[in-house]
Every structure is written in C-alpha cells, then in structure tokens.
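Have a look at the structure below, then the notes.
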Amino acid sequence: MGSLTSWSTNALKRKPKDKWNVSNVLDPFVLVILMEDAKDSLEPLWQALISTIFRATDDVNSLREAVWRHKVIIVKGQHNLDPKNQWDLIRRLDPETKDEGKSLNDHRNGLLFRARCFPGAGNVRLFGKGFQGEDHYGMKNRTITRWLNHDWHVSPPPKEAFESGITRFQRWHFDAPLYGDEPTWFTCLWIAKQPSGPDLTVEWADGSGLTMETPPGLTAFFSSVQLYDMLSQDEKELVDHSWVEYAPHPFKWIHGCKSRNTGLGIAGGGHLTEEELGEYDPAAVKKYPMVWVNPRTGDKAFQVHGICVRRLYLRSSTNEQPRVVEDITEIHDFILGIQHRILKPEYILLAPAEEGDMVIWDNYSLFHTAIDYPEKYGPRSMHKADTGGSIGPKGPVPIGI
C-alpha cells in the first residue's frame, strides 16, 4: 500500500427522509474508508497504515482534513487493534498536543475514569456493557454494569418497556473537560464487540411523540454546523459575538442533576453551590465562544455544552456591552431553544459501524450520544481515544475574557 490515495472511499447514502448533512450540502456527512489491503486480510490498523499515514506527514494531514471536511469517517475492517496504536493515531492527528496520557487526575469529561484506561495506552479507555472477557487487552475479567443506563434521565423508561426494546438517547455531548485542558480536536472510537438483536425504538419522551429506530450498539450524531445554518441572520449575529462561561469542575457541579428524557439538557435544579464545589483554580475556568470556527474549512458550529454553562454573555456586535445571564433556567431556555431545532430523527445520524470498524469524528463540529440496550442483546466493547487539544476553539470574533 502506498498512500491514502490507494484507498477506496464511499459516501454513506441517505434514506429518503434523512436530512443530516454538513454546512456544504455537496459534501457527505460520513466518509466510509475501505483500505484495499484490509478488504480481504482484515489487518489491524497499525499494520495496515504504519507504512502510509504515520511515515508521511502529507498523509497524516490528508486524514486530518478528511475528518474536518466530512465530520465523521468510518475506517472498515480494523480487527485486533492494539490500544497503544490507537493512542498513537489520535496524538498524531493533533501533533502539537501536550497530552501524554499520564494524568492521575484526568477530567476529560464527566464519565471517564482512569481505571478503565488500557495500560501503556494513554487516554484509550474501555467503554461498553457486560462481561468483557477473561483477558480483554490486559483487562482481566472486567464486567461493565453501569456505563450504559438511564439513571441520568428524569423519568427513565419502565423496565418492562426497556426490555421490550424502548430506549433513549443517553447523554448528548461533545468530548471536553470544560475546565483545565482544552477539548480534543478528534475522537477515535474502535468497535471491538457489538451487541446483536432486533432494532430498538428510541423515544424522545418529551411530549413530542418523536421516535426513531436503531440497531443496538450504535452511536448517534448531530451536526452543530448544520444547526448553525438553521439560524436566522439576526440569531447568527448574536451567537457569533457571544460566549459562555462554564462552571468550575462542571461535571461535579451537575452531579446531582437529572437530564431531560431526550438526553439533551437539564431538567430542573440540583446544581452544587460554589461552596459545595470546593476549591478551584480560577485560571482553569473556561470561557468559550458559542460558535466554533473550523480552522481548515471555515465551517461555523454552534457548539455549546449547555448542561455545564453557568453564565451567558450575549451581544450582537463587538461594539456592544454583553448582557450577562446567570439565571440557570434562562440559560437553558436560550441554549435549548436553538439546539432543539436539530433534535429530530431526520437530522440524526446513526453511524453504521460494525465490529472491527474505527470511527473518527470532528469533536469541534458534532454532538454525539450512546444508546442503551437490554442485556440480552449481548456485551458491547469499545475503545475510545481522545487528547487534550493543543489549541482551544476559536470563534468568528474575539471574545471578552
């Protein structure tokens, strides 16, 4: 194999009712990459790519630009991928990152625990459900019981309904600590084992009556670039010039909260007070623009992790003094008033990854979520890699920090 140009690529086809896309409607949202050498031999990623991507700077750049342009790519047939090689890949996609994957106080986001990291593989972590095997890449007799569940929701589906195939989006988010480290540019998810069984029905359970069907074990996405394009011109001017301030230790701050049943947004209160949060470093508190501009394509994404925001700074031009919003209900109403426009079945991509596939996505342009399923469908094993971003998000205009 010589280079990326020797791979065959196929854009994922939309169904008639699908509207998911990126801001340029001519570009596919997902690029499926089939490596010529991997079609028959199903080589692991490192063996298949070490002679191409990792020894040629141009090919690393080509892969990075492919993700930035297409937002999600699925690399087929990467069976038996070594976690150490996956860590090498994600770090090479952001070569200036200072993240060595050695932090003992890792707070990449609220669901990550160092105990699930693979030895010697940096920030590559095991996610999934059920018994992972006697020896899963060095993890002995590991059973995951609580990562996928609906305890986070304000009113989970009844057990009988869940067992019959009724489920929810677990938690819509992008990958970021929102305190200290910058968000990872890219996220890399390798599918080691998938559950199998009849399709599930995802319920919004918010009074809208919306549902959608999904095979078990998939990750759902929506595009914050497409969401930005849904805004009126006045709304774009507002969000282009505005920014948010996240809470210190934001995932600790919301520990006692409950999610709306859609998996997007907080239902009611439960936030810790600043005294309950304890000490924090004011310099580590994050203020980010509401709109993140892709450094390569120029795409604008309305990228706000609403559940962790403690202040809004609203203005429509650089000449205005921002209006500061601290009321949590008003903050949530503003953010969800925008994000709910895209939280509809036709705008949601269920990435069709199979066992052995690797999914890489642009974390600065997308929200994603897992979807729970009954245990009878079997175990799920995923290896997820990310890094602290070398450079944080940039907006259309400088923000007032």
Hey, any idea what % of the range 185-256's accessible area is carbon plus sulfur with a 1.4 Å probe? 50 percent
Would you compute the Debye intensity of the range 111-266 from its alpha-carbon atoms alone, equal scatterers and no solvent, and pass along log10 I(q)/I(0) at q = 0.15, 0.17 Å⁻¹ to two decimals? -1.10, -1.35
Taking only the alpha-carbon positions of the range 197-244 and ignoring solvent, what does the Debye formula give for the base-10 log of I(q)/I(0) at q = 0.15, 0.29 Å⁻¹? -0.66, -1.05
Total formal charge among the other residues, if their Cβ is under 14 angstrom from that of residue 261, Lys/Arg +1 and Asp/Glu -1: 0
Using modelled amide H (1.01 Å from N, peptide plane; none on Pro or chain starts), what sits under 5 Å from the amide H of residue 136, excluding residues fewer than 5 places away? 141, 142
Å³ per residue enclosed by the Cα convex hull of the range 302-396: 172 Å³
Among 319, 379, 364, pick out the residue whose Cα is farthest towards the positive end of the charge dipole of the range 285-401, where Lys and Arg carry +1 and Asp and Glu carry -1 on C-beta, about the Cα centre. 319
Give me, ordered by chain and number, the residues 5 or more places off residue 357 or on other chains with an amide H under 5 Å from its own placed amide H. 77, 78, 191
For a quick check: with amide H placed at 1.01 Å from N, whose amide H comes under 5 Å from residue 187's, ignoring anything fewer than 5 positions away on the same chain? 361, 363
Could you tell me the accessible area of residue 320 in Å² (1.4 Å probe, neighbours in place), rounded to the nearest ten? 80 Å²
Enter the accessible area of residue 150 (Å², nearest 10), with the probe set to 1.4 Å and all protein chains included. 20 Å²
Can you give me the accessible area per residue for the range 161-252, using a 1.4 Å probe, in Å²? 30 Å²
Test item: Cα-centred dipole of the range 148-249, Lys/Arg +1 and Asp/Glu -1 on Cβ, debye: 460 debye
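The values are calculated or read from the model by the stated rules, or taken from the named source; none is laboratory data. It should be emphasised that the depicted structure is a prediction, and the values quoted were computed from it without experimental measurement. Using ideal geometry, Cβ is built from the backbone for each residue, glycine included, and neighbour counts are taken over all protein chains shown. Keep in mind that these areas ignore ligands, DNA and RNA; they rest on the heavy atoms of the full protein, side chains included. Shrake-Rupley method; radii C 1.70, N 1.55, O 1.52, S 1.80 Å.
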